[in-house]
Each structure stands twice: as C-alpha cells, then as structure tokens.
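**Student:** Before I ask anything, let me first share the structure, which is written out below as structure tokens.
The values are calculated or read from the model by the stated rules, or taken from the named source; none is laboratory data. Everything numeric here is computed off the predicted structure, so don't read it as measured data. Neighbour counts run over all protein chains shown; Cβ positions are idealised from the backbone, glycine included. Please note that ligands, DNA and RNA were not included when accessible areas were found on the heavy atoms of the full protein model with its side chains. Shrake-Rupley method; radii C 1.70, N 1.55, O 1.52, S 1.80 Å.
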Amino acid sequence: MKPNLGRWIVFTIGLLAVTVIALFAIKDSVAAGDTRTISNYKPWEEATLDAAGLLPIQEGGRIKPLGTYAGFTMLSLHGARKMEIIGEGGQEVTIKPLAWMMDCLFRPELANELPTFRVDNAEVLDSVGIKSKGRRDRYAYNDLKPGLEKLKQMGAAYEEISKRDPKLLKPVEQQTLTLAYTVRNYEFLTGYMDFARNGLLPGSATAEGKLLPVSEVMAAAPKIRAELQAAAQGKQVSQEVQTISVLIEQAANSAKFGPNLFPPSNKDDAKWLSAGDRIFHIFTGTTREPEQSVKDIKELEQTVQALKSGEEAFRNHFEELEKSIVARAEARNEYKSVPLEASYFKKNWFLYALAWFLIAVISSGVMFFAGRSKTGNLSYRITIIAMALGLVYLIIPIVKRSIIMGRPPVGNLYDTIIFIDMAIVAFALLVEWMTKKRFVLGITPIVAAFLIVLARRFEVGEGKDHLDPLVAVL
C-alpha cells in the first residue's frame with residue numbers, strides 16, 4: 001500500500017501544479033469586459049489573408065512572413081493572438097493576428113475601434129484621465145484618446161528616469177511607460193500607409209482639387225533637391241518647394257517605423273527598407289535605385305487606393321506588390337524559409353502536444369488506480385499512445401523551428417523549455433520500454449504538460465519573437 005500511496009501523492013501534487021499554472025495562463029490571456037460591437041466591421045476574405053501571410057518583411061534581424069510579425073506584435077499589445085468582436089450584421093468575428101495587422105495597415109479607422117490594448121492596472125488610466133472599466137480590461141485606441149497627450153508626457157518623463165535607473169520607477173509608473181510604448185508602436189503601424197491614403201497633405205492639392213501622390217513628387221526629386229541646394233547657397237527657393245519639402249519629410253517620418261518591406265537591389269546591403277526609407281533616401285540622394293524606389297511607393301499607393309473599389313481590386317494590387325517583393329527576396333536567397341514559417345504558425349503544434357499530454361495525465365491516473373487489471377492495461381496502452389503522439393507534436397515544430405532559425409533549438413528560454421520537454425518525454429518512453437515499471441510513465445505526462453504551460457506563460461509575458469537571431473552580449 002505504501003508504494004501506491006506514494007505514487008498517488010506524487011501524481012496528485014503534479015496534477016495540482018499543472019492545474020494551477022494552466023488557470024494562471026488562462027487568467028493572463030483573458031480580460032474582463034463585454035464583447036465589443038463594431039457595427040461596420042467586415043472581416044477580410046480568406047484569399048486576402050492567404051496572400052498577406054506569405055509577404056516577406058525584415059524585422060528583428062531576419063526575414064520573416066508578415067504573419068509572424070503580426071502574431072508577436074498583437075501578442076505584445078493585446079496579450080493574446082485573437083480577439084472576439086461583434087461585427088457587421090451582428091456577426092460574431094474572431095480576429096487573428098494577420099487580420100488585425102491588415103486592419104492596422106490598411107483600415108486604421110476600424111483598427112482604432114478594436115480592443116487592442118490590454119491594461120492590467122486601472123490606476124494607469126486613472127492617472128492620465130481615462131475612464132477605466134475595471135482593474136483589468138482591454139481598450140481600443142479611440143478609448144485612450146482623451147488621455148493620450150498626458151500619457152505621452154508621463155511616458156517621456158518616466159523614460160528619462162528609467163534611463164538613469166529602472167529601479168527608481170514604481171510598478172504603476174513602469175506600467176504607464178509600457179502603455180506609452182505600446183501606443184507609440186501602434187501609431188507607427190496605423191500611420192504607416194498614411195502617405196498612400198492621403199497623398200501630400202493640406203496645401204498640396206493640384207488645380208483639379210486632387211491630392212498629389214508622393215510617388216509623383218519622388219519622380220521630381222532631383223529638381224527639388226537641386227533647388228534646395230541652391231537655397232543653401234543663398235538663392236531664393238519657391239514657396240511650393242518649401243512646402244513640398246516639409247510635407248515629404250512628414251510623409252517619410254510617418255512611414256519610417258514599421259515593416260521593412262523592400263529588399264535592396266544591391267546584395268551588399270543587408271538592411272531592407274521601409275516605405276519611409278524609400279521616400280527619405282530618394283530626396284537625400286542616398287539611394288542607389290531611384291527608379292525602383294519610385295515604383296515601390298507607387299505600387300503601395302495603388303494598392304491602398306484600390307481598397308476603395310473593393311477587396312478583390314485591393315487583393316489584385318496586393319498580390320502584384322507581393323510578387324515584386326518575393327522575386328527580389330528570392331534573388332537575394334532570403335525567401336526560402338518564409339513559406340515554412342508561415343505554415344508553422346498556422347498550426348498550434350504545442351497546444352496539440354499539450355492536449356495529448358493531458359489525455360496521458362488522465363489515463364495514467366486510471367492506470368495507477370486500476371493496477372495490472374484489464375482496465376489498467378488498457379489505460380497503460382492509451383498512456384503510451386498519447387505520450388508518443390504528444391512527442392510527435394513536439395518533435396515536428398522543434399525541427400521546423402531549427403530549420404527556420406538555422407541553429408539548435410536552445411538559443412533562448414522558450415526554445416530551451418520545449419526542447420527539454422521533448423527530451424524528457426523521449427527519455428521516459430525509452431525507460432518504460434526498457435523497464436515496464438510504469439512509474440516514470442505515470443509522472444512524465446504531468447511534467448510534460450507543466451513545461452508546455454510554462455513555455456506559453458513565458459511567451460505571453462515576453463511578447464517577443466523567439467525565432468529571431470541571438471543577440472551577442474560580449
């Protein structure tokens with residue numbers, strides 16, 4: 001009896017540990033509040049999202065699909081990889097990262113209504129004059145507007161303090177600074193295509209009342225640059241050129257901080273360029289590909305403007321833009337892992353592994369209780385099968401991650417946790433095959449489930465892409 005009692009004690013403690021951590025993980029990803037209704041929200045068509053998912057960008061020191069960038073950006077702001085709303089016609093809509101990113105870039109008026117920002121401490125909002133809904137909730141950008149100016153002022157002040165010593169900040173001050181950062185990053189996204197939506201802003205309208213496209217002004221960059229250089233030598237510059245130079249600088253700045261969409265033609269240039277880089281470099285004369293710069297910006301403008309004619313027209317232009325970018329990425333040998341990574345994130349491999357391990361937890365409990373009876377032997381076989389399937393759902397994504405990263409899967413804590421999990425499960429199955437003692441088989445599913453939940457908590461807490469290259473510390 002004593003050995004059986006010991007087994008049950010260990011099994012129960014382990015099961016309780018998994019349950020507690022799972023509950024904390026669920027609590028971390030769920031905020032209070034009613035489902036938001038956005039009556040004019042229409043979901044993106046799947047064909048559009050499929051096309052967008054394979055668009056390569058450069059971020060975090062590597063080339064990745066737009067979907068990866070969307071997933072970790074949404075996770076860092078929203079604390080989860082999906083949000084639920086009530087959309088057009090009272091339809092329940094689940095918005096996943098890629099759809100959310102497409103809203104931010106191409107439909108910012110809708111994105112501003114989405115409950116993007118997770119706020120865990122209502123004191124942060126109260127301190128900047130924003131009415132809070134509860135201690136923990138999610139808010140849209142439009143909800144934060146009344147206190148944005150004060151939030152940015154306080155964020156700037158706390159940033160200066162943090163530069164001296166981060167420990168000087170109180171928890172609520174650190175949370176205020178974090179919210180200010182997330183709002184800033186969100187504004188970079190939603191403002192990225194402003195130049196393509198609006199052309200050059202007030203004062204730049206043509207005689208026909210149409211706004212002047214940035215790409216047309218870029219084509220005239222040599223003449224504008226020559227006049228500005230003449231002005232530096234004391235010659236008078238026209239009011240029109242002065243106005244355009246200011247507006248172009250504003251357009252370049254608004255599109256500078258966001259996805260680096262464009263591979264440079266010169267293979268010696270490692271850094272891809274944002275839309276703002278394209279605009280800025282052509283007016284400073286620092287680009288080696290002026291014609292391609294104008295073409296890229298014109299294609300972006302046409303893509304954004306096509307949305308007014310419907311999603312099909314938008315998708316046709318988007319696919320043409322994507323083909324151009326993919327062709328250049330392939331010529332630089334930088335696209336080969338993008339489709340693999342896009343497919344990797346379409347399936348939640350570790351969630352499936354967790355499901356199999358939880359099945360193994362239950363079946364191993366029955367195995368302990370039933371002993372060597374028919375029921376015990378059946379539950380033993382079920383435990384073996386569930387553990388083996390869980391192992392498969394660990395091995396496949398780990399191998400994929402290694403191929404994508406081009407290195408062993410132990411470069412950060414997230415990778416290390418799931419790699420250790422895989423090793424423990426494989427070792428336990430090997431021990432069971434050799435000994436047939438069942439004890440290791442009974443405890444391992446609990447440990448395996450625990451480590452997956454732990455990795456998930458780490459990923460949510462960090463909100464960072466753990467496929468990015470290692471950063472040298474020496």
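**Student:** Could you calculate the FRET efficiency of residue 242 with residue 212 from 1/(1 + (r/R0)^6), where r is the beta carbon distance between them and R0 is 22 Å, rounded to 0.05?
**Tutor:** 0.90
**Student:** Here is a follow-up. Heavy atoms only, probe 1.4 Å: what % of the accessible area of the chain goes to carbon and sulfur, would you let me know?
**Tutor:** Carbon and sulfur together cover 60 percent of it.
**Student:** Still on this model: Given the DSSP H assignment, sum -39500 (n - 2.57) over each helix run of at least 4 residues in the chain and divide by its residue total; what's the result at 222 nm in deg cm²/dmol, nearest 500?
**Tutor:** -21000 deg cm²/dmol
**Student:** So if I place +1 on the C-beta of Lys and Arg and -1 on the C-beta of Asp and Glu, and nothing else carries charge, what would the dipole magnitude of the chain be about its Cα centre? I want it in debye, nearest 20.
**Tutor:** 2180 debye
**Student:** Starting from one equal scatterer on each C-alpha and no solvent at all, send me the Debye-based log10 I(q)/I(0) for segment 99-209 at q = 0.20 Å⁻¹, two decimals.
**Tutor:** Values, matching the q order: -1.04.
**Student:** From Cα coordinates alone, what are the radius of gyration and Dmax values for segment 325-472 in angstrom?
**Tutor:** Radius of gyration, then largest Cα-Cα span, for segment 325-472: 18.2, 64 Å.
**Student:** Once the principal axes of the Cα atoms of the chain are found, what is the range along each, listed largest first in whole angstroms?
**Tutor:** Principal axes ranked by extent give 99, 54, 52 Å for the Cα atoms.
**Student:** May I pose another question? Could you compute the FRET efficiency for residue 436 and residue 347, with r as their C-beta to C-beta distance and R0 at 25 Å, rounded to 0.05?
**Tutor:** 0.15
**Student:** Rank 252, 375, 63 by how far each Cα sits towards the positive end of the charge dipole of the chain (+1 on Lys, Arg Cβ; -1 on Asp, Glu Cβ) and give me just the farthest.
**Tutor:** Of the options given, the answer is 375.
**Student:** How many nm separate the modelled label positions at residue 288 and residue 336, each set 7 Å beyond the Cα in the direction of the Cβ?
**Tutor:** Modelled inter-label distance: 2.3 nm.
**Student:** For residue 36, what residues show an amide H to amide H distance below 5 Å, using hydrogens built from the backbone and excluding near sequence neighbours?
**Tutor:** The list, which skips near neighbours in sequence, is 86.
**Student:** Additional query: Assuming 0.36 nm per residue, please report the length gained on full extension of the stretch residue 86 to residue 399 beyond their Cα-Cα distance.
**Tutor:** Answer, rounded to one decimal: 108.8 nm.
**Student:** Would you check the accessible area of residue 446, probe 1.4 Å, heavy atoms only, in square angstrom rounded to 10?
**Tutor:** 10 Å²
**Student:** Label points 7 Å out from Cα along the Cβ direction at residue 410 and residue 152: separation in nm?
**Tutor:** Going by the 7 Å Cα→Cβ label model, 4.7 nm.
**Student:** Can you tell me the alpha carbon radius of gyration of segment 66-129 divided by the globular rule-of-thumb value 2.2 N^0.38 Å?
**Tutor:** 1.21
**Student:** If you don't mind, there's one more thing I want to ask. Run the simple label-point estimate for residue 159 and residue 309 please: 7 Å along Cα→C-beta, distance reported in nm.
**Tutor:** 4.1 nm
**Student:** While we're here: If you count the DSSP beta bridges with both ends in the chain, what percent of them are antiparallel, to the nearest 5?
**Tutor:** 80 percent
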